[in-house]
Amino acid sequence: MVTKPALAAPDNAANQAMPDATISRRGFFMKLGILFNSLAAGVLAVPIVGFLLSSITRGRANGYLSWVSVGKVSEFPEGETRLARFENPYVMPTDGKTAGTACWVRHIAGDQFQVFAINCAHLGCPVRWFPQSGLFMCPCHGGAYYRDGSRASGPPERGLFEYPYKVENGLVTIQAGELPTPGAAIAALSGEKPPCVS
């Protein structure tokens, strides 16, 4: 019978029990790559998480419900329509000059006003008031509106949008956080349809 010689224990058996403290080149670059990818993911995640939480953290939930002054009652002579400018209450620091908005204020009589959005109901181009003809005209596609904001001619299917207004302490104020469209939150909150909706 032939027997195999017994294998001798290697001399470095004690060394195998201790982990290898050296790292290979491949392992080093793998760990370095994971580190850089983690940093890149963190840098990308910060603005995304900030955007998702911005409505909670900025506390602007009632920006749409803010009342903004467009001027004193005396600035709008009775029977005339004037351009007024106001600062949109629902702005971001990056809005810059676009936060400044305009509207048309028509003083009918006493404390009775109509405040129209400057945007055409067709595609949103700014309308101009022509007192000679008593019409609001849109330069983009020829839309025309009567002095009361109702549609006169052209492609718009409805009249100009109106802002809710109130007169307090000699000031005309409007609820200006959102463009007053038929499906807007302002229309839903008041429970009334804007006058341009039939």
Among (1) crowded, with 19+ Cβ neighbours inside 10 Å; (2) farther than 30 Å from Phe51 by Cα; (3) modelled with pLDDT under 85 - the single one Val127 does not satisfy: (3)
Residue in region 92-112 that is surrounded by 12 or more Cβ atoms within 10 Å (Cβ to Cβ), farther than 29 Å from Ser54 by Cα and within 22 Å of the chain's Cα centre (by Cα) present: no
Looking at region 114-124, can you tell me whether even one residue there is polar (S, T, N, Q), assigned to a strand (DSSP E or B), closer than 15 Å to Phe76 by Cβ and modelled with pLDDT of 85 or more? yes
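The values are calculated or read from the model by the stated rules, or taken from the named source; none is laboratory data. Since this is a predicted model, take the numbers as computed values, not measurements. Note: ideal-geometry Cβ built from the backbone for every residue, glycine included; neighbour counts use all protein chains shown.
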